[in-house]
Amino acid sequence: MANNPSSKTNRHLPLLLIAGTQSGVGKTTITMGLIAALKRRGLRVQPFKAGPDYIDPTYHSLAAGRKCRNLDTWMVPPPRALAMFRHAARHADAAVVEGVMGIFDGFSYTADTGSTAEIAKLLGAPALIILDVGKMARSAGALAQGYANFDPKLNVAGFIANRCGSESHFRGVKTAIESATGLPVLGWLPKNADLSIPERHLGLIPTDERGELSGFIARSADLVETHFEIDQILAIAATAAQPVAPIRWQFPKIAGSPTIAVARDAAFSFYYEDNLDLLRAAGAKIAFFSPLTDSTLPPNTAGIYLGGGFPELFAETLSQNRAMKNALHRAHTAKLPIYAECGGFMYLTERLVDLNGQSHPMMGLVPGVTKMQHRLVSMGYRLVESVDGNFLIGAKTPLRGHEFHWSTWETDVPLPAAWLVKSRRDGDTPQPNGYAADNLVASYIHLHFAHDLSLAQNFVQAANRASE
């Protein structure tokens, strides 16, 4: 199951990392605009998003015209994450990575594990740090100096000033920043840029709910072309020169090529693209279907993957699509392996109570009710293991995942858990999460299959057995 990056690196890739001092400074908007502006120049840009985010990558995918990939050095061993980066970017002319949270924020308060800074150093990527200078003058220089000097091993190549009150305000903070750091300010956006992306309880609104976005992306590219030093940015990106090479995943050969049906529509869209690639590499065919609109599963379905998303926003439609619910019940009865994460887990419960208090009958394959809350219930990286083992992984095998939801799951009796979640504090009792029985594994936890390559292999082998 080891990955084997090719030793032939026949070319090198310019790359750039866009980071921020904190969340909400404009990373996604600026990254999207820069990608679109570079694409206008005829460049094939491979976008990446640091961390476990699912929604931001949809904007970069639209801007680039190719799928954005996640880079997560906490869930995925860093050498494997680097190999996957090189593989994904092997046909691109340049790569642009959007950071997560503040550049030094990750799994720990005392180390850079899982942070944007760790990813930048792993890739050898020059970083441009976005500063929100809307309420700053000379203080912007002090802030920039702190970020420039905090980690001497990090290649901070320059800054971007966002939410400037005017061009004269920009020129003032540019002088302050460059005087304090000796590094260039390579772009800016005005406060009235009119490029805000609407948000709700799980973050930004996904692109597939916002309709046609070509005009929005074009405006972002226009602003970047007007206010950014693109030639200088490209020159900085070229200093990285990351080698690229394909990965030849070494999975054991299987007799068949089972079809794994993957739910993908407006209600279920949260997937790591690498998870799907790993399932393909392990021998599966991927066929997408919509629990919202389809009445049947794809032909020859041998396994089912229900990802996360927003089932609470489409609960009535999901509830009324009885044909699909019946098809999934038949698949469960036929012992097809079914794996569900977060939104998919909610869909499999008996009922879903939405934010308006309306109760909607769901699949009923998982006992209990999920109820939406008006506050965040759980978010963060998770260390998990299966108690007794399941079709994805053996007993007691440590895994790493992520959890982010605004709902609770309520049951009347204790049930076999999909996972035990370990506490970061020594001595605390691991907490159960989700439900597992026979051919079904469902929980709030999102797993990255690249953490342990046997996850994809075992899923495909279970589907292969079900198809025999």
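The numbered conditions (1) crowded, with 21+ Cβ neighbours inside 10 Å; (2) within 16 Å of the chain's Cα centre (by Cα); (3) more than 15 Å from Y381 (Cα to Cα) are all true for V100 except (3). Of the set (1) assigned to a strand (DSSP E or B); (2) free of Cβ contacts under 8 Å to residues at least 24 places away in the same chain; (3) not aromatic (F, W, Y), all apply to A157 but (2).
What number of residues within the stretch 29-50 are surrounded by 21 or more Cβ atoms within 10 Å (Cβ to Cβ) and either among the aliphatic types (A, V, I, L, M) or out of contact with any helix residue (DSSP H, G or I) (no Cβ under 8 Å at 6 or more places or on another chain) (or both)?
Within the stretch 29-50, residues that are surrounded by 21 or more Cβ atoms within 10 Å (Cβ to Cβ) and either among the aliphatic types (A, V, I, L, M) or out of contact with any helix residue (DSSP H, G or I) (no Cβ under 8 Å at 6 or more places or on another chain) (or both) number 9.
H60 - would you say it is over 21 Å from P246 (Cβ atoms) and in contact (Cβ under 8 Å) with a residue 24 or more places away in the chain? Spelling it out, H60 is indeed over 21 Å from P246 (Cβ atoms) and in contact (Cβ under 8 Å) with a residue 24 or more places away in the chain.
For A144, the stated conditions do not hold, so it cannot be described as out of contact with any Lys or Arg (no Cβ under 9 Å at 6 or more places or on another chain), within 22 Å of R400 (Cα to Cα) and in a helix (DSSP H, G or I). For the stretch 261-279, filtered to residues that are of a type in the set (A, V, I, L, M, F, W, C) and more than 11 Å from L306 (Cβ to Cβ), the residue that is nearest to the chain's Cα centre (by Cα) is L276.
Each residue in the stretch 92-101 was checked for being out of contact with any strand residue (DSSP E or B) (no Cβ under 6 Å at 6 or more places or on another chain) and either at pLDDT 95 or above or among the β-branched types (V, I, T) (or both), and 1 of them qualify.
Counting only residues that are crowded, with 21+ Cβ neighbours inside 10 Å and in contact with a Leu (Cβ under 9 Å, 6 or more places away or on another chain), give me the strands (runs of 3 or more DSSP E) lying completely in the stretch 211-325 with at least 3 of them.
259-263, 301-306
Against the condition assigned to a helix (DSSP H, G or I) and touching a strand residue (DSSP E or B) at 6+ places or on another chain (Cβ under 7 Å), how does Y347 come out, does it pass?
yes
Contact map, the stretch 241-260: first residue within 24 Å of E468 (Cβ to Cβ) and touching a residue at least 12 places away in the same chain (Cβ under 8 Å), second residue basic (K, R) and outside any loop (DSSP other than H, G, I, E, B), Cβ cut-off under 8 Å, separation 6 or more or different chains; pairs are S257/K285; P258/K285; T259/K285; I260/K285.
Of the strands (runs of 3 or more DSSP E) lying entirely inside the stretch 354-465, the ones with 2 or more residues being in contact (Cβ under 8 Å) with a residue 24 or more places away in the chain and surrounded by 14 or more Cβ atoms within 10 Å (Cβ to Cβ) are found at 359-361, 366-372, 378-385, 399-405, 407-410, 419-422, 435-437, 440-443.
What are the residues in the stretch 149-185 that are of a type in the set (A, V, I, L, M, F, W, C), within 28 Å of the chain's Cα centre (by Cα) and surrounded by fewer than 20 Cβ atoms within 10 Å (Cβ to Cβ), if any? The answer is F150, and nothing else.
Confirm whether L383 is of a type outside the set (K, R) and within 30 Å of Y109 (Cβ to Cβ). So L383 fits the description; yes. Checked against the criterion of being without any contact (Cβ under 8 Å) to a residue 12 or more places away in the chain and either under 15 Å from A267 (Cα atoms) or not basic (K, R) (or both), the candidates T333, T317 yield just one match: T333.
When the residues of the stretch 331-344 are narrowed to those that are crowded, with 22+ Cβ neighbours inside 10 Å and closer than 18 Å to A462 by Cβ, which ends up farthest from the chain's Cα centre (by Cα)? Out of the qualifying residues, it is L336.
The values are calculated or read from the model by the stated rules, or taken from the named source; none is laboratory data. What you are looking at is a predicted structure, and each value in this text was computed from that prediction instead of being measured. Note that we place each Cβ from the backbone using ideal geometry, even for glycine, and neighbour counts take in every protein chain shown.
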